[in-house]
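The values are calculated or read from the model by the stated rules, or taken from the named source; none is laboratory data. Being a predicted model, the structure only gives us computed values, none of them experimental. Glycine gets a Cβ as well: all are built from the backbone with ideal geometry, and neighbour counts include every protein chain shown.
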Amino acid sequence: MLTDEQIERYSRHIILKEVGGKGQQKLFDGRVLIIGAGGLGAPIALYLAAAGVGTIGIADADDVDLSNLQRQVIHFTPDVGKPKVESARQKMEAINPDVKVHTYKEWISAANINRIIADYDFIIDGTDNFAAKFLINDACVLAGKPYSHGGILQFDGQTITVKPKESACYRCIFPEPPPKDAIPTCSQAGVIGVLPGIIGTLQATEAIKYLLGIGDPLTNRLLTYSALRMKFREIPIKRNASCPVCGDNPTITEAVDELDAMTVCDLKEP
Amino acid sequence: MIITVNGKETTLPENPARTIDSLLEELNVSQRLYVTVEFNGDVLDRDAFTGTPVKEGDVIEFLYFMGGGH
Ligand SMILES: [Zn+2]
């Protein structure tokens with residue numbers, strides 16, 4: 001049951017006929033895991049907390065660095081040096097004390113991902129490396145957890161929602177990670193600061209729609225965004241019968257680390 | 001010959017020998033060694049790039065890796 005204060009806090013949700021008091025309760029009962037407390041994770045964590053998603057997990061082993069502040073809007077100047085998950089938790093609780101925040105100050109790997117995702121209804125990939133992106137896809141597909149993929153590079157971003165075994169997964173599009181260091185993923189490539197705000201907010205929207213059970217998910221279509229051209233495009237994607245994890249003859253039957261895709265940058269901290 | 005590349009109609013000189021593989025070079029597609037090619041709605045196996053001819057009206061999407069997020 002929502003209290004009077006909660007009815008006021010969420011009044012702009014509750015007056016939406018697609019949400020209402022029942023929908024707000026669904027958000028409150030919802031459990032979403034955000035992997036990565038960086039550029040994508042920042043708006044995702046802020047909006048999900050503000051929306052009243054009852055339980056939010058956030059995983060990241062990194063500490064806040066001065067160079068993060070240009071885009072990771074959940075971290076403030078005095079947070080430099082603090083664990084990102086701690087900095088994020090403080091802002092989320094300040095926006096909305098109703099929300100339970102679980103922090104995981106660890107890099108996800110094959111050794112811990114199944115344990116971490118097990119407690120959540122919906123997972124959001126806000127990571128910055130292919131090893132993690134493929135691992136999240138495989139673990140979510142194998143565990144049947146719906147999730148949102150997001151990726152950004154310089155002025156471009158893309159996102160897709162995956163409903164395991166129902167809709168195309170990340171490996172249906174990209175069967176295997178690119179070789180190590182083949183594609184710029186980290187500091188050397190650069191990223192325009194607003195970009196993760198746009199893609200992350202789309203991902204948060206998908207989580208909220210999923211918890212509410214409304215609208216059409218971003219499944220079987222890859223949404224791409226170019227900030228320079230200010231264009232969104234939607235590319236229809238089908239499940240791929242030769243997908244190594246959700247195809248007809250899968251070769252991936254448990255989550256394993258893609259060691260070849262890990263870069264020096266990804267491994268900068270244990 | 002007109003094909004559709006990433007949503008845009010693209011006019012190319014006639015070339016019966018054109019394949020997906022040669023098109024990647026002709027259009028100077030980035031991430032050429034890793035790009036995913038969606039050919040008339042289906043993701044094409046990399047092994048098939050050299051053996052897949054490009055014909056009038058084909059719809060081709062190049063899908064790029066984007067690994068950032070932080
Ligand atoms: Zn798949």
Q. Any idea which of (1) of a type in the set (Lys, Arg); (2) within 16 Å of the ligand (Cβ to nearest atom); (3) in a helix (DSSP H, G or I) is the one A:LYS165 doesn't satisfy?
A. (3)
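Residues that are within 14 Å of chain B (Cβ to nearest Cβ): list the strands (runs of 3 or more DSSP E) wholly contained in region A:37-141 that include at least 1 such residues. Full working, then the answer.
Working: elements: A:55-59, A:100-104, A:122-125.
Result: A:55-59, A:122-125.
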Q) All but one of (1) within 14 Å of chain B (Cβ to nearest Cβ); (2) at pLDDT 95 or above; (3) not in a strand (DSSP E or B) hold for A:CYS186; which doesn't? A) (2)
(Q) Considering only residues that are of a type in the set (D, E, K, R) and either surrounded by 11 or more Cβ atoms within 10 Å (Cβ to Cβ) or in contact with a helix residue (DSSP H, G or I) (Cβ under 9 Å, 6 or more places away or on another chain) (or both), which ones fall in region B:1-49? (A) B:ARG18, B:ASP21, B:GLU26, B:ARG32, B:GLU38, B:ASP42, B:ASP45, B:ARG46
Q) How about region A:220-263: which of its residues are within 12 Å of the ligand (Cβ to nearest atom), under 20 Å from A:TYR147 (Cα atoms) and polar (S, T, N, Q)? A) A:ASN220, A:ASN240
(Q) With the requirement that a residue be surrounded by 24 or more Cβ atoms within 10 Å (Cβ to Cβ) and within 16 Å of the chain's Cα centre (by Cα), what does region A:159-185 give you? (A) A:THR159, A:ILE160, A:THR161, A:VAL162, A:CYS169, A:TYR170
Q: Scan region A:149-161 and give yes if some residue there is outside any strand (DSSP E or B) and closer than 23 Å to A:ARG229 by Cβ, otherwise no.
A: yes
Q: Would you be able to say whether some residue in region A:138-160 is closer than 19 Å to A:THR251 by Cα and among the aromatic types (Phe, Trp, Tyr)?
A: no
Q) Which of the residues that make up region A:75-115 are of a type outside the set (Gly, Ala, Ser), crowded, with 17+ Cβ neighbours inside 10 Å and within 30 Å of A:LEU142 (Cβ to Cβ)? A) A:PRO83, A:LYS84, A:VAL85, A:ARG89, A:MET92, A:VAL99, A:VAL101, A:THR103, A:TYR104, A:TRP107, A:ILE108, A:ILE113
